[in-house]
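Structure record follows, encoded as structure tokens.
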Amino acid sequence: MTKKLFIKTFGCAMNTRDSDHIIAELKEKANYNLTQDAKEADLIILNTCSVREKPEKKLFSEIGSYAAIKKIDAKIGICGCTASALGEEIIKKAPSVDFVLGARNVSKISSIIHKEKAVEIEINHDESNYEFCNNIESNIRALINISIGCDKKCSYCIVPFTRGKEISIPTNLILKEAKARVENGAKEIILLGQNVNNYGTRFSIPHEKINFTKLLQEVSKIDGIERIKFVSPHPLHMDDEFIEEFASNKKISKYIHMPMQSGSNAVLKDMKRGYTREWFLNRVNKIKSLCPDVGIGTDIIVAFPSEKEEDFYDTLDMVKNIEFDTMYSFIYSPRKGTLAFNMKEIDSSIANMRLEILQNLHKQILNKKAKNEINKTHRVMIENVSDKGSEGRSDNGRLIKIDGTKLSIGNFYDVVITKNENGSLFGKTI
Ligand code: SF4
């Protein structure tokens, strides 16, 4: 008998990919179909994120709200990084939860649903060679894992404790999955990993020597792929070979996410990021010299415990210098188990003020850059169509809206920019 699955995904693209796997595995092996209505579900799964304190705190109220509306015999399962971080504690604190499955144990989903109060969060469970079911709904975009876990020890980050040691996924599995997704309608492939450009450093089976640059070359040989993206590269592993491939390979989207985190060498050292602001700037300038129109995104943490005022100004200085196209910025959030956890936090009023200053600066930069976009032409892949019109992204990652025209999702159009509204770009096809 077909059963109904409701799944809510929090956090990053890795979690979105894990949810895809969960949906496909349960469809194939347990006859579950997806529903958007939790009230009619036989199984409710929350795929959680614990990168910051708040989502973890919110988990129990989320569980409570689903427990209140679920069918009597429906089950609730908690997956993802908070499952790995809290494990048994979730079952103790929330009796309505039936199982807890850690971020590194997704391949066990079709067995754990049959167990009572099971907790499976083995941090180094190796599913890098596991071939997940691929019966995923057709989509112009395909998220594909190329590695699991992370070997870095950034002092603020909980990921190594929830996703375990870094292992690369065998190249043949990645290429096989990419081909299957293209046959299923994908035009854009997004390669996922905590440190994608560290690919090939370690496999758990004998494997030919390969690195990320070589993998990009192999993926771009697949017919039907129009655009390749990847999340997240680590600035430390941005060697010249990688940057030259990024610049010269026509299929690689000229948008790159470079998590800087701080612009101060003292803070970068305390964060154990492994690079300096000079190295970061050197890599950015190298990329810009080969791709003048490149889009660059970043992550920044303000008010890291050891961040002095002058350190914060160093961060502002880097943002002014680089003029990031996308910036995800957050106030430092202490995570239990991380090296920085016991460091004294900066007063919240100062932290909030710094975040505001940083975000205002970035708004000004975006506005200035958007003004320079007028009359420029971009090759845009349409991602969404509504009654208002269409929208999609350019090769360098800019979101562009085409009002009043319903274009075909997944198709590429040349679009000339006609106006900028508070940093949002509008254009028309030519
Ligand atoms: S590289 Fe650092 S910030 Fe990124 S997942 Fe690994 S430990 Fe976390």
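The values are calculated or read from the model by the stated rules, or taken from the named source; none is laboratory data. Fair warning: this is a prediction, and the values are worked out from it, not measured in the lab. Every residue, glycine among them, receives a Cβ derived from its backbone with ideal geometry; neighbour counts consider all protein chains shown. Just so you know, the surface numbers come from the protein's heavy atoms only, side chains and all, with ligands and any DNA or RNA stripped out. Shrake-Rupley method; radii C 1.70, N 1.55, O 1.52, S 1.80 Å.
Key figures for this structure:
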item	result
Computed lengthening from GLU62 to LYS214, 0.36 nm per intervening residue step minus Cα-Cα distance	50.4 nm
GLU278 paired with SER204, simple spin-label distance in nm, labels 7 Å along Cα-to-beta-carbon	4.1 nm
Rg to Rh, two decimals, where segment 314-369 supplies the alpha carbon set and Rh follows Kirkwood	1.06
Charge dipole magnitude, Cβ of K and R +1, D and E -1 - segment 321-397, Cα centre, debye nearest 20	140 debye
Highest to lowest packing among 168-175, 354-361, 314-321, scored as the average C-beta count within 10 Å	168-175, 314-321, 354-361
The chain, dipole about Cα centre (Lys/Arg Cβ +1, Asp/Glu Cβ -1), debye to the nearest 20	400 debye
Net lengthening on full extension, ASN321/ASN139 (0.36 nm per residue, minus Cα-Cα)	61.8 nm
By average C-beta atoms within 10 angstrom, highest first, the peptides 200-206, 300-306	300-306, 200-206
Exceeding the 19 Å Cα-Cα cut-off - candidates LYS39/LYS117; LYS176/LYS250; LYS165/LYS272; LYS229/LYS371; LYS108/LYS179	LYS39/LYS117; LYS176/LYS250; LYS229/LYS371; LYS108/LYS179
Estimated Rh, segment 187-340: Kirkwood, alpha-carbon pairs, angstrom	16.7 Å
Share of Cα-Cα pairs in the chain lying beyond 30 Å, as whole percent	48 percent
Inter-probe distance in nm under a simple model that places probes 7 Å from Cα toward Cβ, at ARG379 and ILE357	4.2 nm
Unit Cα scatterers, Debye sum, segment 138-253: log10 I(q)/I(0) for q = 0.15 Å⁻¹	-0.65
Nearest-20 debye value, segment 3-120 charge dipole, Cβ charges on Lys, Arg, Asp, Glu	140 debye
The chain: most fluctuating residue of GLY80, GLY404, GLY337 per GNM, C-alpha cutoff 10 Å	GLY404
Spin-label model distance (nm) - LYS179 vs LYS250, 7 Å beyond Cα toward Cβ	2.3 nm
Most mobile of GLY164, GLY397, GLY64 in a GNM of the chain (Cα contacts under 10 Å)	GLY64
27 Å tail of the calculated P(r), segment 299-430, as % of Cα pairs	39 percent
Gaussian network model of the chain, Cα within-10 Å springs - most flexible of ASP239, ASP325, ASP73	ASP73
Cysteines, the chain, no other Cys beta-carbon under 4.7 Å	CYS12, CYS49, CYS79, CYS81, CYS133, CYS150, CYS291
Rounded, prolate or oblate (a/c below 1.5 giving rounded, otherwise prolate when a/b exceeds b/c) for segment 3-120 by Cα gyration tensor	rounded
When each of LYS254/LYS363; LYS8/LYS251; LYS369/LYS428 is checked by Cα-Cα distance, pairs over 26 Å	LYS8/LYS251
Solvent-accessible surface (1.4 angstrom probe) belonging to GLU278, in square angstrom, nearest 10	110 Å²
Solvent-accessible surface (1.4 angstrom probe) belonging to LEU191, in square angstrom, nearest 10	0 Å²
